[in-house]
């Protein structure tokens, strides 16, 4: 089955949960991005992703990117698809108009990003990393750097990368050894090795802009001594044209479990490779300092946060792709008679209750996480553009709390959904030619890169919950209570079911928040032993909250689109009755089970 972008569901979220109309009225810069514009943008994006990019997904898995003599050749068709993507203005959708972007709100752009990721995750990783590079330059780059690099990144002539990881330094960036030597002309020479660099080398653009973490001699130890440098594949002349090849090259690409068409490069900076010493002054990749020395980690986290939200969208996207494929298969695959006798002979497996349960689990998890991500995007837009300072502050705090949930819960969710997708296919799902297995394999990386689930969870515990004694978390629970009060005024069976489950899950959440706030300092192992379960509980609750809001909208709008709204109501009820109850077991494990996590002696493992 080919990919069908869920435009209607996305627009429902944008209108009713993210509140686009309110945003466009409050923020003058977004005045031209009302619902009509949002609909037009999403429809155009759907055409590109469905017709041009999605057909390359399976091909990329069979014929991935290849490396030879430092040159990476991408899957056939990727280069042409990237040109279509760039010429359509999609890379600049959310970025400032002064640099050639379109200045659209993230609320709209996030839906387009999900489509791109669902169509072809390996392909979409290149634009994702470029977005992060642009964000870092917008925040910390000089005026000259912005004017020189951002327009080329937005029109697709150049792409961007993020270079953190080294062979000895994974997520612990205090161990970074790449060094930067100041030069008389104000530039730096960069020496070191970076690994796991997504699209660190490829043939889809004429230049690649590497953002590289490195240490200047004499810098403080640890993360306080890291600086951020801009190191292009080809140097850029004063007039913007490309100059000599820089002393930075790809020595290999990884052979991976999934996302095979995305080249994951090992990059060597400054080894003096023949014909790569850019300015004739010997080895060393020529780089420019971004911002101030020793503030590199601060700037890189701008890229990281943008990428973490984007990876969360990847989780939603791959889950939706798996759900669509499984639902289509279940309607076609004939096997066994229904237990209720509704069909005389063998019937399509979608008639069987357990298959329906799996499909509803896939659907409700995907829609819940999509709704959560859309609401978070609206908070981002308000945090950055709302005219009122207090509104900006409140929305920033809410968005900061949402990022680990969007990244962590949505990606863990995608593993469950893509696994169920294989299960719905039965034995055929285990066969690569069917295509279901690719989604399962591709999804696994999402819980790992841009910070593992545990890293997101530690952030949620430490910075987002314990630091203020749980005040922000309790404030979000207060917003959920408002939704509960609205549900209590309704008399439908679905509203009653959702209210019951939502209230119980909120109480589970508050009990855990109290536990973490009390134990984070007194007994940190106890608090952090339950960090991932806490993230899963919080993500489950917030996704269920958004579906509860959706249910009320759908009940009031039944006459406008009966089939769609009824499906919304049923999906929300299923989530409440089958997914939200998981918070009870998570609460028990966190509050009562901390000791057993660390009790076993290290020698016993």
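Bear in mind that the values in this text are calculations on the coordinates, not laboratory data. Please read all numbers here as calculations on a predicted model, not as lab measurements. Cβ placement follows ideal geometry from the backbone for every residue including glycine, while neighbour counts extend to all protein chains displayed.
Fully extending the segment from residue 331 to residue 4, taken as 0.36 nm per residue of separation minus the present Cα-Cα distance, adds 116.1 nm.
Against the chain, whose longest principal axis comes from its Cα atoms, helix 531-556 is set at around 60 degrees.
For the chain, the longest principal axis of the Cα atoms and the long axis of helix 582-592 meet at an angle of about 70 degrees. Here 549, 179, 370, 83 are placed in order of increasing Cβ neighbour count within 10 Å, fewest first, which gives 83, 179, 549, 370.
Averaging Cα coordinates gives a centre for region 395-439 and one for region 107-138; these two points are 18 Å apart. Using the average count of surrounding beta-carbon atoms within 10 Å as a protection proxy, the listed peptides 457-469, 99-111, 381-393 rank, highest first, as 99-111, 457-469, 381-393. The separation of region 467-498 from region 312-334, counted between C-alpha centres, amounts to 30 Å.
To make sure I understand, if each residue's beta carbon is the centre and we count other beta carbons within 10 Å, what order do 298, 114 fall in, fewest to most?
Ordered from fewest to most neighbouring Cβ atoms within 10 Å, 298, 114 come out as 298, 114.
A straight line joining the Cα centroids of region 365-381 and region 170-200 runs 35 Å. For residue 559 and residue 68, the FRET efficiency from 1/(1 + (r/R0)^6), where r spans their Cβ atoms and R0 equals 56 Å, is about 0.35. With angles folded into 0 to 90 degrees, how steeply does helix 143-154 sit against the dominant principal axis of the chain? Use alpha carbons for both and round to 10. The angle comes out at about 50 degrees.
Against the empirical 2.2 N^0.38 Å (N residues), the chain has a Cα radius of gyration ratio of 0.98. As a calculated quantity, the FRET efficiency between residue 490 and residue 430 at R0 = 51 Å, using C-beta atoms, amounts to about 0.70.
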